[in-house]
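Presented below is the structure to which this report refers.
Every number here is computed from the coordinates shown, using simple stated rules; none is lab data. Keep in mind that what you see is a predicted model, and the values were worked out from it rather than measured. We place every Cβ from the backbone using ideal geometry, glycine too, and count neighbours over all the protein chains shown.
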């Protein structure tokens, strides 16, 4: 069931009702049953097998790792208790043995679950490319076609569970000894479709502890849910009409210049409204259950650099990459050795930043590939990685240039320039994430610069691509409204909290305004092929 | 407080739904049949006032006119058919009707037994029209072809929320439907003759249906009875049997049918012991010209075709001997009937035969040329539509040889009995400056410019410096009251860009009084007081006027009126004495030509009344010797009453 279907709404209401009615001790069980019901409804029994495999193997691996760690600790404690002082070699030996054993289970867990993800998500991609390479040598067509099932939210729950496993390996917290409790953490329905990629230490306690009815919390959650539906149905779906038309037909219809530029710009708002709208629905639903998820967006279009953009966009993915890719690379012994020799070669500054530059490049390459099994996502990853890593690499240089030109980087104009520049860079990247292929993206970018057709703004041609004048007007107004709300959020004003704090009649007027805005202006209903959330497919 | 706000929410959603859902108002020029109006009107009827209903597809609602049937028989009925109404919807409408009325007969058009795929949007119209009830709830799930239709029927905003871009005053204020009198029927007062009905998508036996990839999916001729439709027909039969209602399967006229289906359905009905189809495509006395009796190249009947089938239907109802004539007792239907008759006459006049309106207008002017001055010019061309009737009337105005417009030539003309009567024609632009003195002694001037098609686009009809032209291609006229020099009427008639004859006349701005119409009373009295003489013989026939310039021709002794038989409008249709109904078929337009002959045109058929060699009345298209046999004499039978020739 999609998040903005009537079925989900009914399911959510029923879950909330049962959740608050049952004894507090078994509230978690209600969530578990609801989560698996949700999962089975969305993916069928075949998909359930995969999430169960991940859940069971991760649970067992984590327990085993913890057992090994405890056994090692027990040996140390035993030696201490018996008064026998262990030499450093002995201690190191015990430690190395423990680490070696733990690593076996860690690697086994990572290989199995990431392996499943890679095979299911990237299997066809690899096979197709091998076949294409073989075709180039005249040996193509020998690999039989295969179709792999793609379980719902596999990217998300794999990252969630592998992050947990790595944390257990690092000894960050104790493993979960309750299998069903862990199963709930893995399959918790609000976050399974498109994240956020939650952390065990943030979620575990919330999932287990009792939750009492909280009027204010429910109201803010409900308001956030409405806001999510508004963003998805009024803005994202509407923008998608124009975006889909241009991206699908730019070649056959000969769209050029500003038409393509507007489509790319609109796509930026579409994907933001779609993804963050989905997040708001997810967060709102979870808030109504008294469980607060980790925020995933922080007004990304106010970012002043691509690096900052990725600290504001899909924050949990960025955080996961930082904790499990970036830092492990940067803090590894090999990196330390490399840094030493680089300092000797390139000086202190570049020697210091080259390794983080490389690490962020790898991290963002993975981010790109994570989005999908196509070359365009690889290119997308490289594109983003280049800007993020170059930002790290040349940060000092940029600072020196600003100083020389006497540019005040705190001024409104410079800040605006930075925001605009970042938006444009991200816009170019969107061609790769949205386009049908990497080559198509390049062609579209070329077509965008092939004509300075300002007349499209006055000759009504923009009105022939799916949106009439009234819909354009509405879309522009709503995007501005979205940015205004983001502005307030950026200033620390959480509007939904303000609304939740209003007197009853005023609050209900706002509720009705939001509901009717969605009912009237939402893109849904008969004749619409309701698109799933964009990130649901990742 | 919570309950109060929830109630407000529900109210707002209901109100919003009301605004967003289209009204589907009945008008005469829509593509659809105005389902909204038709079904809303049904629910307004008082309980237990219907004798019969008709359900089925749109062939039925364009074929049966319950108001005409009421005028002919006094039996009350309603057409609950709809566009592509499937048999399940027909069943539920039978249930709806049965809730409020003690029906005696249900007529089911059997088209939907041979069914194509259901149209979601059309089924949705049917469902939304039903009032909320358990019946409607069941209907939604039984009749909907897909889940989207179910959702839309339960929650109409699901389908119509995006109409916010099309909202207008009607969406918020609702519509005034007090001028819908047709009891579920839909009448179209035009024929669409772009191409012959034979050539267009008609379900002939040879037609096959191709899928988009070129493969043949099925031959329409061999389509079978839909089992789903059949099951609902059986439910209708069962319901009728339980409630002592006669169920009569019918096939309303359309080219969109073939005999193989009739045979299949008859065999099916025979198996179940039901009546066989009353096939209106195969009845004595019912003949159709698909090009002139339908409004969409043979699919659905227009007003003329409808009148024929409704007349047949009336006869069939009489033959059933189960109904009661309500004309002497019923109040509401009689009131509506009177209003319907007026509406029918004026609509036929306005929509069907504009040339009769032109004749009446010119006749009103010609009757009083002693009172009027007429100025006239041709803009672009008038020859294409100018006929002998118009010519005769212009002659009565004083133009000796009529206006006689030649193709694309300019024409200016003035009829002033106290001054000049002349007309001038040429290929050049014609310009005329003149003056006259009104009876009150004031001098007035006029300026006329005429441009034929080859001499530019200038057209001027000014009196005392004020422009009165209608700027319409054709003949533009101005009528001036000689007493004070005021322009009392400006008019134009000619062909529009689709080649259709049009007429418009206006009382000039600022004038409250329609002096031209007011002056027609004396002429009307003269006609009513006169006696119609046919071929020199008095036939005890008198003219009985209606309020709008039409006349019935009534036999003084029997009270019967002259009526074309079977509502036919073909050439040589017999015209006989029949019981008075007041319908348009019994109305005539009357005017006198320059020779004093009475020209009598059937309002319904737009043909002249004539007398054939056997002395029988017939209709003829051309005004010839057979038609030149009528004159009007005064009550005392002295002398020929003539027009102001």
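Descriptive notes on the structure:
- Label-to-label distance, nm, for residues given as residue B:276 and residue A:507 (7 Å Cα→Cβ offset): 7.4 nm
- Sorting B:593, A:400 from the fewest to the most surrounding beta carbons within 10 angstrom yields A:400, B:593.
- Based on the convex hull around the alpha carbon atoms, the range B:297-440 presents an average projected area of 15.1 nm².
- Nearest 10 degrees, 0 to 90: helix B:303-320 Cα axis against chain B principal axis: 50 degrees
- Normalised per residue, the volume of the convex hull around the Cα set of chain B (Å³): 213 Å³
- In units of the rule-of-thumb radius 2.2 N^0.38 Å, the protein assembly as shown shows an alpha carbon radius of gyration of 1.31.
- Highest-first packing order for the peptide set A:89-101, A:162-174 is A:162-174, A:89-101, based on the mean count of other beta carbon atoms within 10 Å.
- Counting 0.36 nm for each residue step from residue A:86 to residue A:213 and taking away their Cα separation leaves a gain of 40.3 nm.
- Computed over chain B: relative contact order in percent, which uses C-alpha pairs under 8 Å that are six or more apart: 10 percent
- Computed over Cα pairs, the Kirkwood radius of the range B:529-634 leads via Stokes-Einstein (1.002 mPa s, 20 °C) to a diffusion coefficient of 159 µm² per second.
- Sorting A:361, A:275, A:457 from the fewest to the most surrounding beta carbons within 10 angstrom yields A:457, A:361, A:275.
- Label-to-label distance, nm, for residues given as residue B:141 and residue B:400 (7 Å Cα→Cβ offset): 8.6 nm
- Over all Cα atoms in the range A:306-416, the spread is summed up by Rg and Dmax: 15.7, 46 Å.
- Reported to the nearest whole Å, the Cα centre-to-centre distance from the range B:9-29 to the range A:44-95 is 68.
- Globularity index of the range A:434-518 is 1.66 (Cα radius of gyration / 2.2 N^0.38 Å, N = number of residues).
- Degrees separating the helix B:259-271 axis from the principal Cα axis of chain B, which is the longest one: 40 degrees
- Residue exposure sequence - A:58, B:149, B:425, B:581 - by fewest surrounding Cβ within 10 Å: B:425, B:581, B:149, A:58
- Net lengthening on full extension, residue B:437/residue B:548 (0.36 nm per residue, minus Cα-Cα): 36.6 nm
- Every Cα-Cα pair of the range B:361-510 was included, and the share exceeding 29 Å stands at 8 percent.
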